Amino acid sequence: MSDPKDRIGAKYEWMGRDELTAFQSQALRQSVTQAAKSPYYSRIFTQADIDVDSIVGIEDVTRLPFTTKDDLRFSYPNTMLTVEPEQVVRMHTSSGTTGKPTAIFHTQEDVDNWAELMARSLAMGGATPKDVFQNMSGYGLFTGGLGLHYGAERLGMWVIPAGAGNTARQILLIRDFHVTVIHATPSYAMHVAERMLQEGEDPKSLNIKMAALGAEPYTEELRLKLQDLYGFKAFNSYGLSEMNGPGVAFECPYQNGLHVWEDSYLVEIINPETLQPVADGEVGELVLTTLRRTAMPIIRYRTRDLTRKITADCPCGRKHVRLSRFVGRSDDMLIIRGVNVFPSQVEEVIMRHEWLGGNYVITLTTKEALDQMTVKVEIAKSGFDGSMLTLRRLRDELQRELKEQIGFTAEIDVLEPGSLPASEGKAKRVIDERD
Ligand SMILES: [Zn+2]
């Protein structure tokens, strides 16, 4: 399907709008036909009375049923598989919180296409074959390891599969092998910077020019803080194992939203309550259909991620639609005293304060039948004069700003640097101990 000479999918990257739409229509037909070969979709399509041949263009997608995380669990281990087991070359599972994982399968063609998407993303951010790439992400079933790894190799970079954790070794490798591009979770990138600052070293001295940051939601404020600390350009990377993993959407040099690779994913934004499409530009739940996957096409997958489409043309000239920074996940939304709160709202306030470090934990408890929210933060190594008076003033200021943001008063616990558990992968930001 893909031209082996087009290693990073340039022919897809620069498709015009009409060309993309025509490609998507044909790819959707193929994807639905392929999906119907699996026991799962064959049954679902029959139940919903869907004639596969009646799916002609992308406008027909709304007639197809949604697929949810529970459907994937239900199909475990492999009733969504559409090919003979001997054609499968790899599987990944999603990082499930409870119960059965969800398994995703790939043929050689799928793995090749995924590498191409990831290589295309990194190249869009400015990475070239001359760069040295350190992948500071966990390997194994988690897709952030092999996903970025194969993409970076496809691009032709020198790849260091450092994996997650062991901060001292990460810093050593970056220095000794002149690493110019890294991939990490934003919380881990912050942790590495803080560790260096504590040891009197300047993260800028590492000379990293580009970072791909993903796998957990984070705010613009944290991006700016990381760019400032390291002096690199940080790009938001979005993906989910159900849709391969990383390489679904990535930022271009304008850093003004993430281009979704529409040759591979059909994008819908729906109202999670009514399941109807929202108006263009409105926030809703992202729904994706795979367009180029063979072993396991997924139709109308409800990602639970909340975002909106940016409809204006991007100055970079790419026609692939942009998604705005993710608001959060519909499952991450906390209901505190009847108010909807996203951890990202709290993070936004924390990141505005120079005297605070990047790490934080939100603890929810019940006190006299009322929800209580405590935000634990750490003082930054620099930017604080150590006086109790300053501390009290800063804490009051933080409390007031938080109240403006979320509508009620939270307890603030200011801790010594390094008091909170350091995150080496996805940070655990919320501890809910309510009755
Ligand atoms: Zn762009």
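The values are calculated or read from the model by the stated rules, or taken from the named source; none is laboratory data. Predicted model, so just to flag it, every value in this text is computed and none were measured. All Cβ positions, glycine included, derive from the backbone under ideal geometry; neighbour counts span all protein chains shown.
Residue-by-condition table, conditions (1) of a type in the set (A, V, I, L, M); (2) without any contact (Cβ under 8 Å) to a residue 60 or more places away in the chain; (3) closer than 20 Å to Val267 by Cα:
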residue	(1), (2), (3)
Gly9	no, no, yes
Tyr12	no, no, yes
Ala48	yes, yes, no
Thr62	no, no, yes
Ser75	no, yes, no
Asn78	no, yes, no
Glu84	no, yes, no
Arg90	no, yes, no
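Evaluate the range 342-350: report whether one residue or more is surrounded by fewer than 16 Cβ atoms within 10 Å (Cβ to Cβ), assigned by TED's automatic domain parsing to the domain that holds Met373 and either over 26 Å from Gly126 (Cβ atoms) or touching a helix residue (DSSP H, G or I) at 6+ places or on another chain (Cβ under 6 Å) (or both). Spell out how you get there, then give the answer.
Residues of the range 342-350 that are surrounded by fewer than 16 Cβ atoms within 10 Å (Cβ to Cβ), as a first pass: none.
No, the conditions are met nowhere in the range 342-350.
Condition first: surrounded by 15 or more Cβ atoms within 10 Å (Cβ to Cβ), within 16 Å of the ligand (Cβ to nearest atom), within 16 Å of the chain's Cα centre (by Cα) and not assigned by TED's automatic domain parsing to the domain that holds Ile412. Can you find one or more residues in the range 281-304 that meet it?
no
(1) away from the ligand (no atom under 16 Å from the Cβ); (2) within 18 Å of the chain's Cα centre (by Cα): which one isn't true of Leu229, the others all being true?
The failed condition is (2).
Working only within the range 225-269, note down all residues that are buried (at least 24 other Cβ atoms within 10 Å of the Cβ) and polar (S, T, N, Q).
Ser237, Asn244, Ser264, listed by residue number.
Could you check the range 324-383 and list, in sequence order, the residues that are in contact with an Asp or Glu (Cβ under 8 Å, 6 or more places away or on another chain), acidic (Asp, Glu) and assigned to a strand (DSSP E or B)?
Within the range 324-383, just Glu378 meets the criteria.
From the list Phe105, Phe66, which residue is touching a Leu at 6+ places or on another chain (Cβ under 6 Å) and surrounded by fewer than 24 Cβ atoms within 10 Å (Cβ to Cβ)?
Working: Phe66 fails: touching a Leu at 6+ places or on another chain (Cβ under 6 Å).
Criteria check complete, one pass: Phe105.
Output the residues belonging to the range 250-271 that are part of a loop (DSSP other than H, G, I, E, B) and either within 16 Å of the ligand (Cβ to nearest atom) or at pLDDT below 95 (or both). Even if it seems obvious, please write down each step before you answer.
Initially, the range 250-271 is screened for residues part of a loop (DSSP other than H, G, I, E, B), giving 252-257, 261-264, 271.
Cys252, Pro253, Tyr254, Gln255, Asn256, Gly257, Trp261, Glu262, Asp263, Asn271, listed by residue number.
Condition (residue is away from the ligand (no atom under 16 Å from the Cβ) and either in a loop (DSSP other than H, G, I, E, B) or buried (at least 18 other Cβ atoms within 10 Å of the Cβ) (or both)) applied to the range 309-322: is it met by at least one residue? Don't jump to the end; show me each part of the working.
We begin by selecting, within the range 309-322, every residue away from the ligand (no atom under 16 Å from the Cβ); these are none.
No, there is no match, as no residue in the range 309-322 is away from the ligand (no atom under 16 Å from the Cβ) and either in a loop (DSSP other than H, G, I, E, B) or buried (at least 18 other Cβ atoms within 10 Å of the Cβ) (or both).
What's the number of the only condition in (1) surrounded by fewer than 15 Cβ atoms within 10 Å (Cβ to Cβ); (2) more than 28 Å from Tyr12 (Cα to Cα); (3) among the polar types (S, T, N, Q) that Thr363 fails to meet?
(1)
Inside the range 81-194, counting only strands (runs of 3 or more DSSP E) that do not spill past its ends, which hold 1 or more residues that are of a type outside the set (A, V, I, L, M, F, W, C) and closer than 25 Å to Ile298 by Cβ? Before the answer, list the steps.
Working: elements: 88-93, 103-107, 132-135, 158-160, 181-184.
In the range 81-194, 88-93, 103-107, 181-184 are the strands (runs of 3 or more DSSP E) which contain 1 or more residues that are of a type outside the set (A, V, I, L, M, F, W, C) and closer than 25 Å to Ile298 by Cβ.
What is the residue count in the range 335-378 for residues that are among the aromatic types (Phe, Trp, Tyr) and either out of contact with any Phe, Trp or Tyr (no Cβ under 7 Å at 6 or more places or on another chain) or modelled with pLDDT of 85 or more (or both)? Let's see the steps before the verdict.
The first filter runs over the range 335-378 and keeps only residues among the aromatic types (Phe, Trp, Tyr), leaving 342, 355, 360.
Adding the requirement that they be either out of contact with any Phe, Trp or Tyr (no Cβ under 7 Å at 6 or more places or on another chain) or modelled with pLDDT of 85 or more (or both) leaves 342, 360.
Of the residues in the range 335-378, 2 are among the aromatic types (Phe, Trp, Tyr) and either out of contact with any Phe, Trp or Tyr (no Cβ under 7 Å at 6 or more places or on another chain) or modelled with pLDDT of 85 or more (or both).
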